[in-house]
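A short worksheet on the structure shown next.
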Amino acid sequence: MSNASIIKNDRTKRSSRIRNGVKLAGCAAFALTLSLSSAGLAGADPISSPSMDRTTLSDSAQDEAVEYWTEERMEQATPADELVEDKGAAPAEVERDAAPLKVPSVSPSDLPQTAAETVPGSGDLGGTDHIGKVFFTVGGNDYVCSGNSVASTNGSTVSTAGHCPSSGGTWASNWVFAPGYDHGETPHGLWAATEIVSTSQWINSEDINYDVAFAKVQSDTAAGTLSETVGASGVAFNEERGLAYSAYGYPADVPFDGEGLEQCHGTTSDDTLGGTQSQGIDCDMTGGSSGGPWFIGGDAGGYQNSVNSFGYKTQANVMYGPYFGDEAKQAYQEAEVA
């Protein structure tokens, strides 16, 4: 995959730890999973449990992350699909609880709640300020993904793919979220992660069936929490398979340039190539879109229920996303608490 030429950023700080964002790539033309060199995470305190793993970042690490992402570094960040290329996905039984969980969306405190006005393929999608780019460093290299603000108790939770904050069992550094990124503009600044949670299946063995992560980001001393600033999508777990979705992300490989938010629509089908529990939809998004949200229904107003994760080189224009089952739910519940 080619490097992404993405970002010119709004250089205005919203607080000492908030500035601009990231990108990645679950895409329609690559066989997947990560194999990376290790990268140290300054100021991080790794914590794990049987069902999930997490890392906590110090105040100094958050400050350093925001300061790290200069305009030049964001422009040169590489779509993270290069981290997941050429590794097969193993079949797995993803658990589905009898009781689904649905957390309603949150409207930003300073904006009216209006319906999204979307123009498919235009790169200019209304009502989507809660979606943005994720930037991070791993193995000494800078990468970009997509992410989304989701409803939570702490009001500061971002969803993305598991390979966006962790590779080879090592947590990334310099992790920030840039909501509402659009053609070089970062109207809501950069929000550094204070804690990142992923499934233990992803962290320990890079099992693509569990390629999901949630980050808690710091609050802005002036604007408040992330959800108070840009809103937050509803999020759902243990839903039926075979639903219709709208997927969003910032694809950066040709024919896209990573500058605008793009979307796809489709009804999911099972993975008959790799035998994973992930579901696929028709989608031509490329590298840089990894971690972007899947919403149930026709636009970004639905419940988020997956993320852009991977594709196969032998199957063009199909994007796969992990099933949001019990493991994804547990990771979310760990990240969304106050």
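The values are calculated or read from the model by the stated rules, or taken from the named source; none is laboratory data. These figures come from a predicted structure and were not determined experimentally. Counting neighbours? That spans all protein chains shown, and the Cβs are built from the backbone with ideal geometry, glycine included. Please note that ligands, DNA and RNA were not included when accessible areas were found on the heavy atoms of the full protein model with its side chains. Shrake-Rupley method; radii C 1.70, N 1.55, O 1.52, S 1.80 Å.
Among residues of region 210-229 that are within 13 Å of GLN330 (Cα to Cα), those with a Cβ under 6 angstrom from a residue that is assigned to a helix (DSSP H, G or I), sequence gap 6+ or separate chain, pair up as TYR210/GLN201; TYR210/TRP202; TYR210/GLU327; VAL212/ALA328; PHE214/ALA331; PHE214/TYR332; PHE214/ALA335. Assessment of region 241-253 against the conditions (over 23 Å from THR186 (Cα atoms), touching a Lys or Arg at 6+ places or on another chain (Cβ under 7 Å) and touching a residue at least 12 places away in the same chain (Cβ under 8 Å)) yields no matching residue. Considering only residues in region 249-282 that are β-branched (Val, Ile, Thr) and open to solvent by 10 Å² or more (accessible area, probe 1.4 Å), the one that is modelled with the lowest pLDDT turns out to be VAL254.
Screening THR186, THR268, THR286 for residues that are over 15 Å from ASN148 (Cβ atoms), in contact with a Cys (Cβ under 7 Å, 6 or more places away or on another chain), of a type in the set (Val, Ile, Thr) and touching a residue at least 24 places away in the same chain (Cβ under 8 Å) leaves exactly one candidate, THR286.
Go through region 312-338 and give me each residue that's open to solvent by less than 10 Å² (accessible area, probe 1.4 Å) and under 18 Å from GLY258 (Cα atoms). Of everything in region 312-338, just one residue is open to solvent by less than 10 Å² (accessible area, probe 1.4 Å) and under 18 Å from GLY258 (Cα atoms), namely MET319.
Being at pLDDT below 95 and open to solvent by less than 20 Å² (accessible area, probe 1.4 Å) narrows it down to one of VAL176, VAL138, so name that one. Going through VAL176, VAL138 in turn, the sole match is VAL138. Among the criteria (1) among the small types (Gly, Ala, Ser); (2) part of a loop (DSSP other than H, G, I, E, B); (3) open to solvent by less than 20 Å² (accessible area, probe 1.4 Å), the one SER152 does not fulfil is (3). Going by the structure shown, is ASP220 in contact with a helix residue (DSSP H, G or I) (Cβ under 7 Å, 6 or more places away or on another chain) and over 21 Å from ALA65 (Cα atoms)? In short, no. Residues in region 198-248 that are among the hydrophobic types (A, V, I, L, M, F, W, C), in a loop (DSSP other than H, G, I, E, B) and open to solvent by 10 Å² or more (accessible area, probe 1.4 Å): ALA222, ALA223, LEU243.
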